Every structure is written in C-alpha cells, then in structure tokens.
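The values are calculated or read from the model by the stated rules, or taken from the named source; none is laboratory data. Only a predicted model underlies this, so the values are computations on that prediction, with no experimental measurement involved. As a convention, Cβ positions derive from the backbone with ideal geometry for all residues, glycine included, and neighbour counts pool all protein chains shown. Each accessible area value is taken on the protein alone, full model and side chains, heavy atoms only, with ligands, DNA and RNA left out. Shrake-Rupley method; radii C 1.70, N 1.55, O 1.52, S 1.80 Å.
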Amino acid sequence: MSNKHSVAEVESHGLLHDQKKRRIVGDIAAHLFLAVLAVIWLIPIVWVFAESFNKNTAPYTSSFFPKEWTLENYKVLFTDRNVLNFPKMFTTTFIIACFTCVISVIFVLSVAYCMSRMRLRVRKTFMNVVLILGMFPSIMAVTAIYFILKAMGLADGNMTIVALILVYSAGTGAGFYVMKGYMDTIPTSLDEAALLDGCTRFQVFYKIIIPICKPIIVYQAIIGFLGPWLDFVMAKVICRTQSNYTVALGLWLMLQKEYIQNWYARFAAAAVVISIPIAILFILMQRFYQESMAGSVKG
C-alpha cells in the first residue's frame, strides 16, 4: 500500500509541476503579447510628441525622431494671431466642453432616475422610442439642425458657441440607458427607508442615489466633455467662419494645402496640447471609479 501511495504522490506531484510549468509559459506568452501591443499603441503617441519639437515644420522627414529639436512650434502655436488663432479655438472649445459636460450630467441623471425609479404610464413607450431613434446615425439630422439654428439666429458670430452648447447638450438625455442600468442595481429598499425617515423624493435623489452613482457620473462627465472636445462634423456645419472654429477644426485646417508646409509640426504640438485637459480630467476623476455604496447617506 505504501508503494502505491508513493507512486500516486509522485504522479500527483508531476502533474502539478506540469500544470505550473504550463501556467508560467502561458503567463509569459500573454505578457509578451500585451507588451507588443503596448509598443504598437505607444508608437504613434511617441511620434506625435517628438514631431511637436521638430524644427522642420514641413510634413516630410527622413527619420522617426527630429534631427533638430525646438520649442518654437509651441511658441508660435500660442502667440500667432494672424494665421491660425489657436488660443481662441482652444478657449472656445473648452467653454463649450465644460458647459456641455455639466448640462449632460444633469440631463442624464434626471432622465435615468425617472426611468429607473418612477413607474410612469409612458415609461416603456418613451424608452422604446429613444431606443429606436438611437439606431439612426446622428449625422442624418445635421442639415435640419443647422437650418433650425439659422432660423433662431444662432448660426452666425459668437452665437455659434451657444448653438454648439445647445446641440451637444440637447440630446444627451437620450443616452440614459447605461446610467439607468446602474441605478437599477441600487436596492429600492434604500429609497423606501429614506422616505419612511421623512425624506422627499429630491432628498432621496440627492442624498442616496447621487453618492452611490459617483462612478457612472464620472463616466458620463468624461463622455460629455469628450463629445464637443473631439467632434468635427457638427462643428464644421455650424461654424462657418474661421474665427469661430473649435480645436478639431483648427487641427483640420493645419493640414490643408495652404498651411501644411508651415504648420505640420505645429499640428503635432496642438495635438499634444489638446490631450492635456483630457489627461487632467481622467486624473482628477479616476478616484471616483472606486466609490460606490459607501458614499450614500440615509436621512
């Protein structure tokens, strides 16, 4: 019997050793694959960052890294007011993105709360209509939106800022499905307990739902900010003059044939600059991703 136990133990030990070896090989292969993907993903970012310091502003270079480095591209980008007024484009886009971010969070939170917690008669009908409308590409409405804004006098001059804020914010409430799904996971017993303690519906929303929904609110805030910050189509339709361009239109303009010879390296510098607010937004809000039920306050 002892010999049989010894053989079984040896076989079991050998099997565990083989499984451990296969697991180590699998981990090494997975990490190598991810490392290769990371390098491929980082190459364009490194190139754009390096190109932003290139003294040669033309689009044709013979090497991956610049032969001569300079800060002149960043200097011209923020000091030039005659050719392409990038500081104004940046400021305009930042204002639009901030307003849109706040408005979109308010809209989506309100609609998601109503659809998740209130049993309205038209609730299912509304959700089905929104779902069907979401299947159509938004570009189909671009022409109609422009003529509506033009009829309201919002398609000219500085009013294009207001027009873009309205356009980017107006439809955000229809994107409530993700936040509604998150709210559906919150037990209704929390609402009932708060109501029994004398809270109003608004207090339940403000003191119970919002603290628990911090991670998804952060997601919506980032999406609301990135929409106008990166959009090109709607901005191109509404902004008819260069004085009202957003950063996306400014970057597009830098690559046109009349500017590309002198602005290609500055285009790379602008790409680096417009990524800074996005990076700051992610850094400031990433801590909220870990917060959930611990943030609620009953009463």
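Short-range pairs are left out: with C-alpha atoms under 8 Å and at least six residues apart, the relative contact order of the chain is 30 percent. Residues of segment 149-171 with an amide N closer than 17 Å to a point placed 7 Å from the Cα of THR91 along the Cα-to-Cβ direction: 157-162. For segment 122-130, the Karplus equation 6.51 cos²θ - 1.76 cosθ + 1.60, evaluated at θ = phi - 60°, returns couplings of 8, 4, 5, 4, 4, 5, 5, 5, 4 Hz by residue, with Gly and Pro reported as x.
Full extension of the chain segment joining ASN82 with ALA35 gains 12.4 nm, where the gain is 0.36 nm per residue of separation less the Cα-Cα distance.
Could you tell me what percent of the accessible area of the chain is made up of carbon and sulfur, with a 1.4 Å probe and every protein chain present?
After summing per-atom areas, the C and S share lands at 69 percent.
Would you mind checking LYS55/LYS88; LYS55/LYS75; LYS75/LYS257 for any pair whose Cα atoms are more than 19 angstrom apart? The answer is LYS55/LYS88; LYS75/LYS257.
The residues of segment 178-299 expose, per residue, 50 Å² of accessible area to a 1.4 Å probe. Please work out the FRET efficiency for the pair ASN262 and ALA151, using the Cβ-Cβ distance as r and a Förster radius of 35 Å; give the result to the nearest 0.05. Approximately 0.35, to the nearest 0.05.
Counting only the Cα atoms, segment 192-270 fills a convex hull of 132 Å³ per residue. Ordered from largest to smallest accessible area (heavy atoms of protein chains, 1.4 Å probe), the residues TYR264, TYR206 come out as TYR206, TYR264.
At most 13 other C-beta atoms within 10 Å and a DSSP loop state: those are the exposed GluC sites (Glu not before Pro) I care about. Give me the longest piece of the chain that has none. Display every interim value, and only then the final one.
Values: sites that count: GLU68, GLU258.
After excluding every exposed loop site, the longest remaining stretch is 69-257.
Taking label points 7 Å from Cα along the Cα-to-Cβ direction, MET127 and TYR206 give a separation of 2.8 nm. Taking only the alpha carbons of segment 40-143, we obtain Rg and Dmax values of 23.2, 68 Å in that order. The lysines within cross-link reach of LYS207, meaning a Cα-to-Cα straight distance under 30 Å and a gap of 8 or more places when in the same chain, are LYS124, LYS180, LYS298.
Per-residue accessible area (protein heavy atoms, 1.4 Å probe) orders VAL218, VAL122 as VAL122, VAL218, starting from the largest. Ranking TYR182, TYR219 by solvent-accessible area of protein heavy atoms (1.4 Å probe, all protein chains present), from largest to smallest, gives TYR219, TYR182. Averaging the sequence gap over all C-alpha pairs within less than 8 Å and six or more residues apart, then dividing by the number of residues, gives segment 220-281 a relative contact order of 27 percent.
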